[in-house]
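Notes for the one structure printed next.
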Amino acid sequence: MNISQRQVGDVTILDVKGKITIGVGDVAIRDAVQVALGGGARDILLNLIAATTIDSAGVGELVSAYTSVAHRGGKLKLVGLPPKINDILQITQLITVFEVYDDEASAVASFK
Amino acid sequence: MPVVEPEAYLAVASRFENIELVQAVVEDLLQRLELGEDDRHWIGLAVREAVANAIKHGNGGDPQKQVEVEVRIDAGDVEVSVRDEGKGFDPSSVADPLAPENLLRPGGRGIFYMRSLMDKVEYRFGAQGGTEVVLRKRIKSAAAPRAEEETRS
């Protein structure tokens, strides 16, 4: 699991690669979001196109990240959900909580 | 499901990295059944959740405590049981993760995922302690060889 950060306008994009699972990927998501917020980020886009799998711990971290960003007055959105990660978010109805986009340009534009 | 000998028995220390080991073994066994990638993935994910719960909640993350996993495969059925050394819990006390007040809680979705991904999830509690969760999934492709044999005979 590997996360890199880049900036497109006012939107901080976190590119997530690999497994978002208990003990490894879930902690990495938490740390990356905290670092971004600590650096002044307000709106965060999690790019999951290269994420391979997620479990309930990973889902929990996505939810925590969402609420952390919201508490600071920003928004956290998702782009590029692989089908199985989309299915997992559907099962627990979180797909209704997150704003999800198919492509990065649309996602970035949605923050304006 | 009739009594069948396990295809695999694993006993692992309560460390999160061992979840990967268990999932890899289970998915390898399922591959031999010529199950599709999707079926393997979802069963493997349900097993992950069971092992993660056993490590985290059952054994409290104590690496001195073991998680035991047995995989049984019979025509048409895959059964995976996961046992911990914990004190047990009341499955009915687990909050509904779909309730509006729980939707944004960080935890509490593991059992719901297991129940969603598998056909049957049962809990058994040992008299001496320990929780066993038994996951079952009906597998169409695994049923095919037996049906073929019965046709021949």
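Each reported figure results from applying straightforward, stated rules to the coordinates on display, with no laboratory input. As the structure is a computational prediction, the values presented were derived from the model and not from experiment. Cβ coordinates were reconstructed from backbone atoms using ideal geometry, including for glycine residues, and neighbour counts include every protein chain displayed.
Values as computed for the structure displayed
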| read-out | value |
| --- | --- |
| C-alpha long axis of helix B:140-152 to longest principal axis of chain B, angle in ° | 30 |
| Amide H contacts under 5 Å for A:GLU99, placed H, 5+ residues apart | A:LEU78 |
| Whole-number percent relative contact order across the stretch B:8-152, with pairs defined as alpha carbons under 8 Å at least 6 apart | 27 |
| Average other protein chain Cβ within 10 Å of Cβ, residues B:103-113 | 6 |
| Long-range amide H partners of A:ILE22 with built H, under 5 Å | A:ASP55, A:ALA57, A:GLY58 |
| Unit Cα scatterers, Debye sum, the stretch A:2-107: log10 I(q)/I(0) for q = 0.10, 0.11, 0.14 Å⁻¹ | -0.22, -0.27, -0.45 |
| In Hz, Karplus ³J(HN,Hα) per residue of the stretch B:28-44 (6.51, -1.76, 1.60; θ = phi - 60°; x = Gly, Pro) | 5, 4, 5, 5, 5, 7, 6, 6, x, 4, 5, 4, 4, 4, 6, 5, x |
| B:ARG115 versus A:ASN2: modelled label distance in nm, points set 7 Å from Cα along the beta carbon direction | 4.0 |
| log10 of Debye I(q)/I(0), alpha-carbon scatterers only, for the stretch B:11-138 at 0.13, 0.14, 0.20, 0.21 Å⁻¹ | -0.52, -0.60, -1.16, -1.25 |
| Qualifying lysines (Cα of each under 28 Å from Cα of A:LYS75; at least 8 residues distant if same chain) | A:LYS17, A:LYS19, A:LYS84, A:LYS112 |
| Lysines with Cα under 26 Å of B:LYS87, excluding same-chain neighbours fewer than 8 positions away | B:LYS56, B:LYS65, B:LYS120 |
| Quotient of C-alpha Rg and 2.2 N^0.38 Å, computed over the protein assembly as shown | 1.10 |
| Which of B:GLU101, B:GLU37 has the fewest Cβ neighbours within 10 Å, and the rest in rising order | B:GLU101, B:GLU37 |
| Long-range HN-HN contacts of A:ILE49 with modeled amide H, under 5 Å | A:VAL16 |
| Sorted by Cβ neighbour density within 10 Å, fewest at the top, the residues A:HIS71, B:HIS41 | A:HIS71, B:HIS41 |
| Residues B:MET118, A:MET1, sorted so that the one with the fewest Cβ neighbours within 10 Å comes first | A:MET1, B:MET118 |
